[in-house]
Structures are given as structure tokens and as C-alpha cells.
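Comments concern the structure below.
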Amino acid sequence: MQAQHAPLINRELSLLKFNRRVLELAMDAGMPLLERLRFLCISSSNLDEAFEVRVASLIQQLRAGVFSAGECGMTPAEQLEAVFDEAHRLVSDQYRVLNDVIIPALRDEHIRFVRRTHWTRAQAEWVRVYFQQELAPVLTPLGLDPAHPFPRVLNKSLNFVVTLEGDDDFGREGQMAVVQAPRSLPRVVRMPEPAGDGPNDFVFLSSMIHAHVDDLFPGMKVTGCYQFRVTRNSDLLVDVDVDEDLLEVLQGGLFERNYGDAVRLEVADNCPDDVADHLLEQFNLSRRDLFRVHGPVNLNRLTAVIDLVDRPDLKFKPFIPGMPRELSGFESIFDAIAKHRRILMHHPYQSFAPVVDFIRQAAQDPKVVAIKQTLYRTGSNSAIVDALEEAARAGKEVTAVIELRARFDEAANINMATRLQRAGAYVSYGIIGYKTHAKMTLVVRREGETLKRFVHLGSGNYHAGTARAYTDYGMLTDDRQIGEDVHKLFVQLTGLSRGIRLKKLLQSPFTLREGMIERIRREAGHARAGRPALVRAKMNALIDPSIIHALYEASTAGVKVELVIRGICCLRPGVPGLSENIRVRSMMGRFLEHARVFMFANGGSEEVFVSSADWMPRNLYSRVETCFPIDEKALRARISEEVFEQAMADTSGSWELQPDGNYLRVRPAEGEAAHSAQRTLLERLAQSS
């Protein structure tokens, strides 16, 4: 089956298309300049993770003898070939944007990366002193010979391969050495005045090491110095026996993640072929895996410049998140919830503070007897974790279900688990084999002679930092049936149970996939009967084949399907006889679109759900997820307008997926001003700073 005629778009190629859309934002002259630099860095960081996880997975499939083609029409070998072809083009375009677009535009704003060849005498002297005082003491040159084998190179670390001539004091003939730059060193350093021509002159760490690498090999002749970086398989696979502690097993595996199998090698574009080939041999890689770059080998490290440069005019304007009007006039958040029953918040346009206050007040309220919460990512110095610790020390029953296997946050979550355990909280690591990705908090409060449950559910993490950058929905409620459902889920997560039945919530891995497919098929039945039929869904990724085929069947039955998918989308829209009634949009911009919202017209009896889960196999089969209904008509209408009407009207940061898997940027009609959904919601829900 040819890939272009396959029913599904390949997920790896769709992921690279997403990274290309991020890169397009770096080229968008309508974006503030330093934010464009940020988008360039994000595209690089995203590509790193694609190699660490997705490319590594394809390589493992090949080694395991998987040669069959899936519904995307491509075998693992064909996917790898296509992924590397596209990745090489993407990397080439990233450095072209850096060198030909971003750096010249920054220079025009007097923000300069001063190259070695352009250093003045004063700048060269400052670099010499900086190298001697700050770099040389922590750099360890490693000569390569039979007694000094090639060193273990840390994943994504900055390194230099140095070619040498001459004999050292022991009579050893110099040929090659490696210099590893410690990760503690900044990759971009501001030149102080008067060495710099202005307050925003920067020099690359790699340039300083290149300029003074001779100092590391006294008496030898350095004939070449070339930066390189290796990307490794970083997917942490955990095999836990029934009598082992998950925390201890993870602690043992985190270090080794930094030294997984190499999957990509980046070198300076002036590195000679024989030196590059030697590096490829050391890492057991082929020429296909080699990326020659014209600039720093880790573009993501340029993010530091954005924070170092004090130029508000080159960044997004600050704003103050709005507060839900339902909270005004109440000293206690529990009184506000009891009055309004449901308080819906759309972050980051609306503040995350009520969520923090919910936990903090629960910790301090003498009427609260228990707090139960799932924690996936919280960030450092979390006020929520502080409140849980305070509650536990005060003698309240605190239960924290901490997902230790949250990718790349494992170490932070291990530390959090240890801290809460010491405070007296009960800490559970969830279910072996099923990541706990649900976002839910249960507070049990004594009111008179009874105990009452208050709940927070959301689509995003309990992370105050990402709550200012990711769009998500959260809901506070005292709905009795939702409270009972959440209680049952915590019983399921922390204890042993069987046959739990939920009244309102859908849950992975048991009822969420089936619930979505049932509702999609119900829309098809409505369409055939001539009743209103519409499916709308917003998420980060759409990959699950069973849901995609259900959407295809709904389309052929006449159901209008509108999808807002930020990242990967394996569904192929607009194909006659298959998906001509399906539209797919990707919306991107200042904020990362993260909310998961599902809407069904249901013949006039509309249903709207908010979920922690994307429609991906991992979310539907191997994670614990929640999906909760929005019962109030006014709130359903609000979500429909804020999520779908705004997305479909956006002509500022939207792309339309084509049947061939490519995306076309949505532009305003001639003579019309561009409409930005994110800017509209900022103006409506937030306050200017």
C-alpha cells in the first residue's frame, strides 16, 4: 500500500510537520522578535525529543524484526528513511532561519552574537580572562589512545573533538582528543561593557573554547577543533517485579537514560569527513544519522538569551489572568463552590490561583478532614505541594497519587514523593503498567453532621508555570455524583477493587474509548435519521485507529466533523467517500493549545466533555485518565464558542490539514484583518498588565 493512499497519516511524519509549523512561527514577522527566537528553540527541542523517543522506537522495532506495514502504508524501515529525510530538511531550515533571519534581525535591534573572527582586541582579552578563570578549571581534555578509550558521552551534551600533532612528555603521539563541556556552564555568555559594544553582546561558549583550546594541550599543535553532540534513546522502560519498589527501580534507571543507544550525531559543518566518520564509528551510527550544522549544535540553549535581554518591546506583552466572577464576594472558596455548584476556568486567560487556593484553604480549614490529589507534573517550588505538606503535618488525611514515570520529570517526582512521605502523607505511585495521567483533587469537608466532597478536575497539570503558558480547562464543583465518582477512582488507585461503576465520569483504560466511539456512532445514527449531527473535538494529538475509523464512518453517514488538533494527526481529512465531511485545524501561537474538549450535537441534546486524555492509544489503553461532562447549558455554550468557534475563525495562527498530510497556513481574506483566537480570549477574559 502506498503511503499517500493509506487511510492513516504516519504519526512520525505528522510529528515532524508539527515541528515545521513551530518553525513557521519563528519566521512570522508578526510575532515579537525574541518570541520568534523562542519558537526556533522550541522546534529544536521538540526535534530532540522526537529522536530520543520516536526515532529510537522505530530503531528498536527494526532490531526486533518488525517489517510489516501498518495502516499508514509504511514499514518501520520506510518510516525511518522518510523521517530522516524530513529531519535533515527541517534542521537545514532551522539553521537557515537562525543565520539568515533571526540573527540579522537581532543585530538590527543591537542584540549581537559576536563571532570569533569579529572580536576586537578588548573582546579577545576579555574572552582570554574568562576562559582562564571560568572555563579552564572545569574542562578536562581527554586524549584518545589504547589506554584512554573514547569516553562515555552524555546525552545531548556539548563536546569537542580535537585533532593534534606532536609528542607529549611521555612520548605519546597526539592524534585526537575529546573535550566535554560541563552542563553547568552557560552556552551563551553576555559580554560586559566596555568589552562589548552594548549591553546585549553575547559570545558562544563554543567560540571561547575554540579560541583557547590550545591552552588545554600545551606543547602540542592543535590542527582542528569541532563541536559535536549525540542524541540517545531516552525512553525509560521500567520492568518491575511484584516484590520491587517502583521508586527504587526508577532511581536506578534514571542515570542510565543519559547513556542509551545513540540515534543521531550532530557535528559542526566544517568537521572533516574522516573525523566525522570516526565519531560515527564510536557511536555505532551511519552516515544517515549525521547532521552537519552551521551554528551551535544545541539551538535550544539560545533560550537563555530571551531572559537575559531586557527588551519588553521584543516580547509578548504581559497580562494579568482574570478571576472567575463566581469567586468574588466570598472569603471561602468552598462557599463560592456551594453557591455556584460549578466554577469553570479557562487557563491561562483566567487565573490558576483559585486552584492553588482550593488546596491551600483545604490545608488550613479545620473543617477539612482529607485531601486526595493526583500529581503528574508540578514544577519546582510548587505552592500546591507546600499546601499538601502543611496539611499532612497538621494531621489531615493527605493522599497523593504521584506518577513517578512522567517522562523527563521522574527525578523531580521522586523528590516530591519523598518529601510528602516525610510529612506524613500517604503516597501512592499509581498502577504498575498504567501511568496515572488524570488531573483530579478531592477535598472532604465536614459540614454540620455530614461530610461533603469538593472536587477539582482539569485537562492540564497542577503546574503553576505551565498554567501561564498552556491553554486548559479546570472545574471546581460540589456535584454529588462527580464527587462519588472521584472518590471511587481514588479507591481504585490506592487500593484493590473490581467492577467499579461511575455515574458521570468516563475513565481510561475502561470506559473512555468505548464512550467516545459510542457517541461518534450515535451521531452517525442521528445524521441518517435527519437529526442534527455534529462532532467537534480539540486535543493535542489524534492517533488511535479505532476512533479515526469511527470518525470516517460518521463522515460517510453525513456527520460534520470539526477537529482542532495542535500536534500529531493521523486522520486523513477531505478524502472523497471517506472523510469529505471532516476538517482538521492546527492552532498555535503565544500559548500552547493543551485543552482536551469533546462535543456531540446528539440530535439537539448536546453533550460536552473536558478530559485529561488525547485520543491516542497510550491515553486510552495504558493510562488512568478522566473525562468529565459539562452539564450546564451556559457553560457548554461558552466552551463551544471559546474553543471551536474561535478556532475555526482564526486566521492568525492556524493551519488546515490537507488530504496528502501537508498543512496550509490559514490567511485572512483580502482586505480583512487577521483574527487571533488567543488574542481575542486574552482581551475578553484577562486584564492587561
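The values are calculated or read from the model by the stated rules, or taken from the named source; none is laboratory data. Everything numeric here is computed off the predicted structure, so don't read it as measured data. A quick note on method: Cβ atoms are made from the backbone with ideal geometry, for glycine too, and the neighbour counts reach across all protein chains shown. Accessible surface areas use protein heavy atoms only, side chains included; no ligands, DNA or RNA. Shrake-Rupley method; radii C 1.70, N 1.55, O 1.52, S 1.80 Å.
General observations
- Those GluC sites (Glu not before Pro) in the stretch 543-598 that DSSP places in a loop and that have at most 15 other beta carbons within 10 Å: Glu580
- Potential lengthening between Thr511 and Gln658 on full extension [0.36 nm per residue; Cα-Cα distance subtracted]: 49.8 nm
- For the stretch 85-140, the carbon plus sulfur part of the accessible surface works out to 47%, probe radius 1.4 Å.
- Taking the chain and dividing mean pair separation by its residue count, relative contact order in percent (alpha carbons under 8 Å, at least six apart): 11
- Cα shape, the chain, gyration tensor, a/c 1.5 rule: prolate
- Taking 29 Å as the straight-line reach from the Cα of Lys367, the lysines in range (excluding those fewer than 8 positions away in the same chain) are Lys339, Lys396, Lys439, Lys452, Lys488, Lys503, Lys504.
- Rough spin-label spacing in nm, given labels placed 7 Å along Cα→Cβ, for Ala412 and Ala69: 4.2
- Looking at the stretch 13-64, none of the trypsin sites (Lys or Arg not before Pro) sits in a DSSP loop with at most 10 other Cβ atoms within 10 Å of its own Cβ.
- Probe 1.4 Å, accessible area per residue of the stretch 598-689, Å²: 41
- Label point of Arg638 set 7 angstrom out along Cα-Cβ; within the stretch 458-488, amide nitrogens under 11 Å from it belong to 474-476.
- Over all other residues within a Cβ to Cβ distance under 14 Å of Gln492, the charged ones net out to +2, with Lys and Arg as +1 and Asp and Glu as -1.
- Residue-span extension gain [Asp307 to Ala557] - 0.36 nm each, minus C-alpha spacing: 84.8 nm
- Whole-angstrom gap from the stretch 1-58 to the stretch 283-355, using each part's C-alpha centre: 20
- Whichever aspartates and glutamates have a C-alpha closer than 16 Å to that of Lys317, once near sequence neighbours (fewer than 8 apart) are set aside: Glu35, Asp307, Glu683
- The chain - mean residue ellipticity at 222 nm from DSSP helices (-39,500 (n - 2.57) per run, n ≥ 4, rounded to 500): -10000 deg cm²/dmol
- Cα gyration tensor category, rounded, prolate or oblate, for the stretch 91-158 with a/c compared to 1.5: oblate
- Considering only alpha-carbon pairs that sit under 8 angstrom and 6 or more positions apart, the relative contact order computed for the stretch 90-233 is 31 percent.
- Candidates per trypsin sites (Lys or Arg not before Pro) in the stretch 67-145, loop by DSSP, up to 11 other Cβ within 10 Å: Arg115
- FRET efficiency, Ala529 to Met648 (Cβ-Cβ, R0 35 Å, nearest 0.05): 0.85
- Prolate/oblate/rounded label for the stretch 610-660 (Cα gyration tensor, a/c 1.5): oblate
- Working from label points 7 Å from Cα in the Cα-to-Cβ sense, the Glu134 to Ser328 distance is 4.9 nm.
- Across the stretch 539-689, the mean sequence separation of Cα contacts (distance under 8 Å, 6 or more residues apart), normalised by length, yields a relative contact order of 21 percent.
- Local net charge near Arg501, Cβ-Cβ under 13 Å (Lys/Arg +1, Asp/Glu -1): +2
- Surface share of carbon and sulfur [accessible, 1.4 angstrom probe, percent] for the stretch 279-372: 49
- 0 to 90° range, to nearest 10: angle between helix 410-423 axis and the chain longest Cα axis: 60
- Annotation for Asn381 and Glu484: the two label points, set 7 Å from Cα along the Cα-Cβ direction, are 4.4 nm apart.
- Whole-percent carbon and sulfur share, accessible surface of the stretch 385-484, 1.4 Å: 46
- Residues in the stretch 317-352 reached by a label modelled at Gln687 [backbone nitrogen below 13 Å; 7 Å Cα→Cβ]: 319-325, 328, 350-351
- Each peptide in 137-144, 340-347 was scored by the mean count of other Cβ atoms within 10 Å over its residues; highest first, the order is 340-347, 137-144.
- The length gained by stretching the chain between Lys367 and Asp167 to full extension, at 0.36 nm per residue less their Cα-Cα distance, is 64.2 nm.
- Taking 18 Å as the straight-line reach from the Cα of Lys17, the aspartates and glutamates in range (excluding those fewer than 8 positions away in the same chain) are Asp28, Asp48, Glu49, Glu52, Glu78, Glu81, Asp85, Glu86, Asp93, Glu593, Glu656, Asp660.
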